[in-house]
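The values are calculated or read from the model by the stated rules, or taken from the named source; none is laboratory data. From a predicted model like this one, the values you see are computed outputs, not experimental measurements. Here the Cβ positions follow ideal geometry from the backbone for every residue, glycine too, while neighbour counts run over all protein chains shown. Side chains are part of the model used for accessible areas, which takes the heavy atoms of the whole protein and leaves out ligands, DNA and RNA. Shrake-Rupley method; radii C 1.70, N 1.55, O 1.52, S 1.80 Å.
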Number of protein chains: 2
Amino acid sequence: MAVTMRDVAIVARVSPKTVSNVVNDHPNVHPDTRARVQRAIAELGYRPNHSARGLRSGRTGVIGLAVPELKQAYFAELADAVIAAAAKRGLSVIVGQLGGDREHEIELLTHGLPQTDGLLFSPEQLGSEDRDLLADVDFPLVMLGEWIFGGPTDHVTMHNVTAARSAVEHLISLGRRRIAVIGAHPEDETRQLGPSNLRIQGYREALAAAGIEHDPRLERVVAPWHPDDGAEAARELIRSGLEFDAVFALTDALALGALRALGEAGRVVPDDVAVIGFDNIAISHLANPSLSSVDPGRAEIAEMAVGMLVERIEWGTGSSRPARLHKAAFDVIVRESSGGTTVTAPTEPADAAQALNG
Amino acid sequence: MAVTMRDVAIVARVSPKTVSNVVNDHPNVHPDTRARVQRAIAELGYRPNHSARGLRSGRTGVIGLAVPELKQAYFAELADAVIAAAAKRGLSVIVGQLGGDREHEIELLTHGLPQTDGLLFSPEQLGSEDRDLLADVDFPLVMLGEWIFGGPTDHVTMHNVTAARSAVEHLISLGRRRIAVIGAHPEDETRQLGPSNLRIQGYREALAAAGIEHDPRLERVVAPWHPDDGAEAARELIRSGLEFDAVFALTDALALGALRALGEAGRVVPDDVAVIGFDNIAISHLANPSLSSVDPGRAEIAEMAVGMLVERIEWGTGSSRPARLHKAAFDVIVRESSGGTTVTAPTEPADAAQALNG
DNA sequence: GCGCCGGATTACCACGTAGTAAATCTCCTG
DNA sequence: CAGGAGATTTACTACGTGGTAATCCGGCGC
């Protein structure tokens with residue numbers, strides 16, 4: 001059996017409670033006693049039992065992170081950042097995969113993940129129509145991503161509209177006028193605030209601001225965002241005979257597929273067609289040509305999300321503070337696929353996009 | 001406060017212990033009683049307290065997975081598979097990132113991850129010289145990867161030698177004779193069993209078997225395997241003026257870099273140079289051209305590793321059963337970069353590679 | 001010299017669960 | 001209808017920790 005406080009107490013000739021006080025850095029422990037206890041701890045190799053601590057204190061020191069699938073690079077990198085941010089605060093992370101299963105996602109909201117003090121949740125199947133589910137959540141929760149806005153829950157996300165707009169403005173600044181989009185979702189009452197539609201909105205805003213005519217035929221549907229379909233969408237675009245000199249792909253995975261399709265068709269990137277993606281996943285700069293992308297500020301998202309969750313955990317579920325919405329600063333990363341020099345866009349005032357989310 | 005067994009017991013008019021028996025599916029509970037208790041559980045929304053259960057039973061129902069970095073696609077996909085395999089068995093997974101820090105890795109082996117029943121560990125900095133560390137481990141542990149062989153611990157890995165050999169044999173079958181390797185590590189007494197050297201060995205075996213002269217200058221060093229360096233290694237290879245008609249990159253990330261460099265230099269893949277990687281990460285088939293690769297059998301690795309760990313957990317640390325070594329079946333996935341049709345290699349008899357690991 | 005103050009330490013207990021062993025019930029045999 | 005085997009249920013307890021409140025002790029003021 002493992003070493004307990006009791007064992008340490010015997011060796012240090014104090015009570016178990018004093019050991020507890022030393023371990024928890026309580027004041028009012030005599031320095032000599034503290035030293036003696038610490039020596040005993042080291043000697044015996046004592047390690048606190050987290051289950052017992054959790055039972056007694058109601059905290060496990062573990063938070064949950066729920067994503068659709070870790071094998072999607074975006075979520076893997078998000079998890080990487082979340083785990084790092086949690087580790088800074090001495091928290092462990094249980095990662096759950098919901099596999100895009102709506103039932104699982106609903107179940108998760110009603111019960112949370114076992115063994116955890118709180119949950120970071122990036123849903124894929126829930127939409128703003130499920131907002132009511134959030135009202136009944138009785139554990140600390142911070143939502144990630146763009147499916148549910150305006151709920152009663154803390155929410156960390158990215159500047160979809162403005163970042164997309166900046167990406168398209170970058171393409172326009174290269175002189176491109178016929179800019180296609182890959183990854184549009186059909187307009188849908190309940191999903192109008194999904195990431196696709198927000199980014200499409202940024203695209204349209206950029207066109208409008210530049211006085212470029214909006215050609216709906218250049219908005220190519222890929223729904224849901226299966227990366228394999230990016231190439232197919234680009235092939236259809238090419239087959240359609242429509243003229244275009246740039247592609248804005250709404251995720252990097254779609255963009256990589258588009259690069260393939262363009263290559264097959266003999267279109268040179270970026271000379272014939274400039275391409276930019278969204279997410280800035282790690283392999284994008286290894287693509288051939290390397291892929292320009294919008295970096296959504298993953299580290300900041302993770303840091304803020306963990307910070308908010310910790311606050312909620314520490315305040316307890318009782319106090320109902322108002323929900324907060326945070327959007328991370330983004331960067332437009334210019335690489336070979338839209339040849340140019342690196343440009344960094346400052347964070348926009350949150351108001352602009354915030355207005356969308358009511 | 002949450003609903004406890006006590007609360008359920010009162011509503012169901014039984015003792016708390018009977019509730020426990022129902023929850024744990026004990027035999028010898030009267031069907032009527034069981035039904036009554038289950039109704040009370042549903043009515044009150046009772047959920048077991050995992051901390052208390054863990055305290056009482058010594059099990060947490062959580063296993064740990066420690067990898068260098070989740071943002072490396074290989075580890076993300078491994079984690080994906082491990083989490084899925086664990087979920088099948090009702091286990092949660094805490095994912096830890098050691099960031100390639102040797103001190104962290106050693107610390108992990110001495111204490112394990114808190115809150116977990118056992119650990120799956122894929123080290124990066126430990127080598128066979130650290131084998132002794134494993135002897136003192138007092139928690140269920142299954143090692144993953146290729147750094148430590150012959151330790152006293154269960155170990156799940158891939159057929160590095162044979163799989164690499166098959167990859168090179170594939171290149172040879174295309175008529176290639178000047179086959180370069182990207183990702184060799186300097187020969188090093190303590191690290192001779194690292195994945196690099198094992199794969200290099202497979203490469204040399206394939207050449208030897210085909211009667212092709214081995215040119216050491218075609219073995220290009222990239223150590224450690226930073227993906228960005230793959231392109232640079234390929235550029236150096238090109239600059240060297242050495243003739244070559246194929247590249248075997250020891251990871252897909254290196255291969256993607258090589259595709260870039262070859263493209264820059266105007267070498268057409270696969271016509272001028274055939275390329276194959278190793279790991280079969282998800283984005284490889286989106287590369288341009290799509291990347292041939294060796295699929296190391298991630299799902300099988302995860303499944304076996306979790307299975308072994310569960311066995312160790314259930315047997316308890318007391319019983320010292322002999323350590324097992326399992327190598328997953330691999331596939332050679334042929335895509336455009338080495339144009340051809342898909343080939344599946346059967347699992348080799350374990351002996352061949354096993355002999356290396358003594 | 002007495003009593004009080006406050007720092008230091010301790011006893012006691014409860015957190016929610018499940019193992020153990022004992023108690024109780026049920027049904028069958030003779 | 002007694003006896004008993006087996007099924008079912010229960011009382012009791014410990015798991016390791018930390019909150020609460022009580023106790024202990026040395027030094028100080030009067």
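Numerical summary
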{"read-out": "Estimated distance in nm for a label pair at B:ARG321 and A:SER240, the labels positioned 7 Å out from Cα along Cα-to-Cβ", "value": "5.9 nm"}
{"read-out": "GNM flexibility winner over chain A from A:PRO289, A:PRO322, A:PRO152 (Cα, springs under 10 Å)", "value": "A:PRO322"}
{"read-out": "Positive minus negative residues near A:ARG204 (Lys, Arg vs Asp, Glu; Cβ under 13 Å)", "value": "-4"}
{"read-out": "Table column - 3J(HN,Hα) (Hz), region B:238-245, Karplus curve with 6.51, -1.76, 1.60, x for Gly and Pro", "value": "5, 4, 5, x, 5, 7, 7, 10"}
{"read-out": "Summed buried accessible surface, chains A and B, 1.4 Å probe, nearest 100 Å²", "value": "3700 Å²"}
{"read-out": "Spin-label zone in region B:36-61 - amide nitrogen under 19 Å from a point set 7 Å from the Cα of A:ARG6 along the C-beta vector", "value": "B:52-59"}
{"read-out": "Where A:VAL23, A:VAL268 fall by accessible area, highest first, once all protein chains stay in place (1.4 Å)", "value": "A:VAL268, A:VAL23"}
{"read-out": "Per-residue SASA entry for B:LEU174, accessible area with 1.4 Å probe, Å² rounded to 10", "value": "60 Å²"}
{"read-out": "Per the axis that maps chain A onto chain B, nearest residue of A (Cβ criterion) and its distance in Å", "value": "A:ALA76, 2"}
{"read-out": "Spin-label pair B:ARG39/A:HIS214, simplified geometry with 7 Å Cα→Cβ offset, distance in nm", "value": "5.9 nm"}
{"read-out": "Accessible surface of region A:1-43 [probe 1.4 Å, protein heavy atoms]: carbon and sulfur percent", "value": "53 percent"}
{"read-out": "Inter-copy spacing of B:PRO186 label points, which lie 7 Å from Cα along Cα→Cβ, given in nm from shortest upward", "value": "6.1"}
{"read-out": "Per-residue HN-Hα couplings for region A:144-157 [Karplus 6.51, -1.76, 1.60; θ = phi - 60°; Hz; x = Gly/Pro]", "value": "10, x, 10, 7, 10, 10, x, x, x, 10, 4, 8, 10, 8"}
{"read-out": "List B:TYR203, B:TYR74, ordered by accessible area with a 1.4 Å probe, largest first", "value": "B:TYR74, B:TYR203"}
{"read-out": "Accessible-area order (highest first, 1.4 angstrom probe) of the listed residues A:MET158, B:MET304", "value": "B:MET304, A:MET158"}
{"read-out": "Spin-label pair B:ASP25/A:LYS88, simplified geometry with 7 Å Cα→Cβ offset, distance in nm", "value": "4.3 nm"}
{"read-out": "Sum of -39500 (n - 2.57) over DSSP H runs of 4+, divided by residues of chain B (222 nm, nearest 500)", "value": "-12500 deg cm²/dmol"}
{"read-out": "FRET efficiency, 1/(1 + (r/R0)^6) with R0 35 Å, evaluated for B:THR110 and B:ALA265 via beta carbons", "value": "0.10"}
{"read-out": "Nearest-first distances (nm) between copies at B:ILE10, label 7 Å from Cα via Cβ", "value": "3.8"}
{"read-out": "Members of A:LYS88/A:LYS327; A:LYS71/B:LYS327; A:LYS88/B:LYS17; A:LYS327/B:LYS88 lying beyond 31 Å, as alpha-carbon distances in this model show", "value": "A:LYS88/B:LYS17; A:LYS327/B:LYS88"}
{"read-out": "Label point 7 Å beyond Cα along the C-beta direction, distances from B:LEU44 to other copies (nm, shortest first)", "value": "3.5"}
{"read-out": "Calculated FRET value between A:LEU174 and B:ARG131, using beta carbons and R₀ = 56 Å, to 0.05", "value": "0.50"}
{"read-out": "Rounded accessible area of A:ASP32 (nearest 10 Å², 1.4 Å probe)", "value": "100 Å²"}
{"read-out": "At least 10 Å² accessible surface lost relative to isolated chain, residues of region A:215-230 (1.4 Å probe)", "value": "A:PRO227, A:ASP228"}
